[in-house]
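Heads up, the thing below is written out as structure tokens.
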Amino acid sequence: MLFDGHIHTCHSHDSESEMRAMCQAAMSAGLAGIAITDHCDMQWELDAETPILASVAEAGTMAEEYRGRLRVFRGVEIGEGLWAPQRAARLMNMTTYDVVIGSVHAVHYEGFTVPFSWINFKQLSDRQIARYLQTYFDDTLALVQQGGFDVLGHLTCALRYITGKYGRTVDMTQYADTIDAILHMLIAQSIALEVNTSSPSFLPDETILQRYYELGGRRITLGSDAHVPEDVGRRLDSAAALLRGLGFQQAYYYDRRRAIAYDL
């Protein structure tokens with residue numbers, strides 16, 4: 001059975017789902033376990049601590065309630081930790097987590113510092129999009145170099161909007177060196193690479209996953225990035241099949257910040 005390592009609840013700014021409903025959905029999907037990883041994004045000058053502490057506390061309650069039926073892990077997704085490293089470090093150490101995901105949802109680029117899900121990429125020129133994506137991958141590399149977290153969430157997430165939503169064509173070969181540097185640094189830092197199944201074309205895509213394997217990377221997690229119960233565990237079986245086809249035999253979940261392997 002599989003583990004879904006990336007789930008959001010009503011303790012995130014962009015979800016209204018009750019945690020118990022997400023747990024029930026995970027059981028219906030036949031999952032072995034889930035990690036509740038509510039958002040904590042550094043680009044907002046808001047109280048992130050209170051909802052995350054509430055999320056972690058409730059996840060602990062759910063872990064007891066579902067004991068023997070579903071493993072429920074306490075986590076957090078810290079976005080833009082590169083923007084406020086000291087604050088991110090405090091948040092990573094303010095309570096006991098099982099897993100910490102590090103992510104990039106926004107970059108400092110020519111005034112477009114809002115989350116990329118808010119940007120209308122139809123309005124940008126090809127040159128602007130190319131420079132925006134280079135900034136995105138540069139920031140991701142810097143985030144991995146900064147370290148301190150367990151899993152890199154949804155590498156290539158910006159493409160979910162640039163190509164997926166807005167249909168812009170992107171030549172990914174121009175970012176190959178930076179992506180290689182990210183993969184090398186993940187391996188050196190013992191940070192897992194997440195296969196995010198929120199999109200039918202997985203994030204990252206097969207080419208990057210194959211390259212990660214060629215470089216010796218083996219630490220992989222699966223995450224649906226679900227914000228509603230019906231998405232919990234979505235496409236995890238397909239992702240596991242893809243990984244097996246590339247040579248991966250195991251994936252990982254996290255328990256008290258320790259990577260635990262299980263067979264795919």
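Here are the numbers for this structure:
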quantity	calculated
If the convex hull is drawn through the Cα atoms of the chain, its volume per residue in Å³	114 Å³
Unit charges on C-beta of K, R, D, E only; dipole of the chain, Debye	440 debye
Using a Förster distance of 30 Å, the FRET efficiency for Gln189-Thr113 (Cβ separation, nearest 0.05)	0.70
Compactness index (Cα Rg / 2.2 N^0.38 Å), the range 13-72	1.22
Gaussian network model of the chain, springs between alpha carbon atoms under 10 Å - residue of Ala25, Ala106, Ala241 with greatest fluctuation	Ala241
For peptides 120-128, 221-229, sequence by mean Cβ density within 10 Å, most packed first	221-229, 120-128
Angle in degrees between helix 126-146 and the longest Cα principal axis of the chain, rounded to the nearest 10	50 degrees
Helix-only mean residue ellipticity at 222 nm for the chain, each DSSP H run of n ≥ 4 adding -39500 (n - 2.57), per residue, nearest 500	-11000 deg cm²/dmol
Among beta bridges that DSSP assigns inside the chain, antiparallel share in %, nearest 5	20 percent
Gained length - Asp180 relative to Gln250, 0.36 nm times residue gap less alpha-carbon distance	23.0 nm
Carbon/sulfur fraction of accessible area - the chain, other protein chains in place, 1.4 Å, %	47 percent
Sequence of Ile260, Ile101 from largest to smallest accessible area, 1.4 Å probe	Ile260, Ile101
Inter-label distance for Gln134 and Tyr262, nm, one decimal - labels placed 7 Å from Cα along Cα-to-Cβ	4.2 nm
For the range 1-54, accessible area per residue (1.4 Å probe, heavy atoms of protein chains only), Å²	42 Å²
Pair-distance profile P(r), taking every C-alpha pair of the range 153-261, with 5 angstrom steps and integer %	2, 12, 21, 24, 21, 13, 5, 1, 0
On Cα atoms only, tilt of 19-28 relative to the major axis of the chain in degrees	90 degrees
Estimated FRET transfer efficiency (Glu49, Thr169; beta-carbon r; R0 35 Å; 0.05)	0.25
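The values are calculated or read from the model by the stated rules, or taken from the named source; none is laboratory data. A quick note: this is a predicted structure, and the numbers were derived from the prediction, not measured. Here Cβ is always computed from backbone atoms with ideal geometry, including for glycine, and neighbour counts include all displayed protein chains. Areas reflect the complete protein model, heavy atoms only, side chains present, ligands, DNA and RNA absent. Shrake-Rupley method; radii C 1.70, N 1.55, O 1.52, S 1.80 Å.
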